[in-house]
Amino acid sequence: MELFPEFEIKAPLAPLADRLRPESWKGFAGQEHLVGEGLPLRDLIESGSRLSFILWGPPGAGKTTLARIAARLTESEFCEISAVNAGVADIRKVIEVARQAWKSNNKGTVLFIDEIHRFNKAQQDAVLPHIENGTIRLIGSTTENPSFEVIPALRSRCQTFRLESLERAQIRDILDRALIDSEKGLGKSSLQLSGEAMGLIVSHANGDARRALNVLEAAHDVVSSREDKHVNLTIIEGIIQKAATLYDKKGTEHYDHASAFQKSLRGSDADAAIYWLAKMISGGEDPRFIVRRLLVTAAEDVGNADPNAFILVQAVANAVEKLGFPEARIPLAQAVIYVAQAPKENSAIVAIDQALNDIQKKGLSYPVPDHLKDTHYKDAKSKYGFGVDYKYPHDEDSEEQEYLPNQLKGRRYVPPFGKK
């Protein structure tokens, strides 16, 4: 484990993305909402604050770089561990290093835990007392929502800052700097990138600077032994093979995409619903999960405005089980378009939730009125009087009767047919 990586000296064979990592605000791309002049994270770092924080954002957005800049600007030792392969023993080693650093030169220590969401509860608990007593300042990075993946005790001791994916223009700027930087980049290589090749790298990156630089470095390696250092679209296509899909079917992305998918269906935007369907399919989502979202929407948002929607989705669910991908994409798309374009009404969910709220929250739980009770046993009518006053609706002389408990007489959960 490398506890004190050098900022100034880069190994000759270090990846391009690592060599070009900014060491100060100059050259740092994106996250203006956090590190712009006078904004919260920048002020927190520049003030020398010892407050711990968690950086939550997608890969390649600058989380590690921000942690290193924070350590540098606060003149702290920087200890980096990865939650993928580190444990409590590694934390103890860092704590000992931090104590020695403070004892010898009054220097604070930043403990940077990459992918902190991968630490279990016991491992996260092990950090707490050392944050409390000031031995370390914790900076954690995660691609997952800390509200789900980081224990409450640790979250309460850290400020959470959310990073966004880099914009395409920012990715392009990073690539341009890599091409002209003669000291750490590819400036001495005479590499020339066609506009189409640049565009494909930017598109493929999906806001991830590391991914973009890795592709650029691979392109450099491909043409390095050639006289012609021109990188065209064909070379980049050969390196990339397949466009990257920003989707984690086991993490936050899974739920965010499901939410966007279902809201697009509810909002009758068939184009958006098809797009989110394609994202989920490309990301390897379980088709049964997609079908469940469709079933819920067909019942919740289409409902009795078009009962055929639910029937169709059920048929599609059966087809998906039999077909599998890639063919299953076709009936899924058929169902998505139908549900999105179907008329909408939500009386079912509104009615049942109101009734559940009355019973479970308001305590309006009453016994069945005597005239509605079961009479299919001996003594029900003769001895207890159950069902005696029940009016059979199919009788010609049937009178109007109340089916709700007397205490809820007149209570309405469902609007009249045809009305919302």
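What follows is calculated from the coordinates using simple rules that are stated; it is not laboratory data. The model shown is predicted, which means the values in this text are computed figures rather than measured ones. Glycine also receives a Cβ, built like all others from the backbone with ideal geometry; neighbour counts cover every protein chain displayed.
For SER52, which sequence-distant residues (separation of 5 or more, or a different chain) have an amide H within less than 5 Å of its own amide H, given hydrogens modelled in the peptide plane?
HN-HN under 5 Å from SER52: LEU138, GLN159.
Say the dipole of the chain comes from +1 at the beta carbon of Lys and Arg and -1 at that of Asp and Glu; which of LEU73, GLY185, ALA305 then lies farthest toward its positive end?
LEU73
Mean-square fluctuation check for the chain, GNM, Cα pairs under 10 Å: which of LYS378, LYS121, LYS362 is largest?
LYS378
Which residue fluctuates most in the GNM of the chain (Cα springs below 10 Å): GLU115, GLU400, GLU227?
Result: GLU400 has the largest fluctuation of those listed.
May I ask which of LYS229/LYS279; LYS263/LYS322; LYS63/LYS229; LYS121/LYS263; LYS361/LYS381; LYS121/LYS362 have a Cα-Cα span longer than 30 Å here?
LYS229/LYS279; LYS63/LYS229; LYS121/LYS263; LYS361/LYS381; LYS121/LYS362
Would you mind telling me which residue in ALA122, ALA298, ALA278 has the biggest mean-square fluctuation in a Gaussian network model of the chain, where springs connect alpha carbons within a distance under 10 angstrom?
Fluctuation is largest for ALA122.
Taking the Cα centre as origin and putting +1 on Lys and Arg beta-carbons and -1 on Asp and Glu beta-carbons, what dipole magnitude results for the chain, to the nearest 20 debye?
800 debye
Rounded, prolate or oblate: which fits the stretch 168-240, taking a ≥ b ≥ c as square roots of the Cα gyration tensor eigenvalues, rounded meaning a/c under 1.5, else prolate when a/b beats b/c?
Oblate, because a/c is 1.5 or more while a/b does not exceed b/c.
Determine the shape class of the stretch 337-380: with a ≥ b ≥ c the square roots of the Cα gyration tensor eigenvalues, call it rounded for a/c under 1.5, and otherwise prolate if a/b is greater than b/c, oblate otherwise.
Oblate, because a/c is 1.5 or more while a/b does not exceed b/c.
Would you pull out the residues with amide H under 5 Å of TYR366's amide H, same chain only if 5 or more places away, H placed 1.01 Å from N?
The answer is none.
Among ILE337, ILE239, TRP56, pick out the residue whose Cα is farthest towards the positive end of the charge dipole of the chain, where Lys and Arg carry +1 and Asp and Glu carry -1 on C-beta, about the Cα centre.
About the Cα centre, the residue reaching furthest to the positive side is TRP56.
Provide ILE337, ILE174 in ascending order of the number of other Cβ atoms located within 10 Å of each residue's Cβ, fewest first.
ILE337, ILE174
Checking the a/c ratio against 1.5 first, then a/b against b/c, what shape does the Cα gyration tensor give for the stretch 31-162?
Judged from the Cα gyration tensor, the stretch 31-162 comes out oblate (a/c at least 1.5, b/c at or above a/b).
Just one of [x] 0.99; [y] 1.15; [z] 1.10 is Rg/Rh (Cα atoms, Kirkwood Rh) calculated from these coordinates, so which is it?
Checking each listed value against the structure points to [y].
Would you calculate a helix-derived [θ] at 222 nm for the chain, using -39,500 (n - 2.57) for each DSSP H run of n ≥ 4 and dividing by the full residue count, to the nearest 500?
The per-residue figure over the chain is -14000 deg cm²/dmol.
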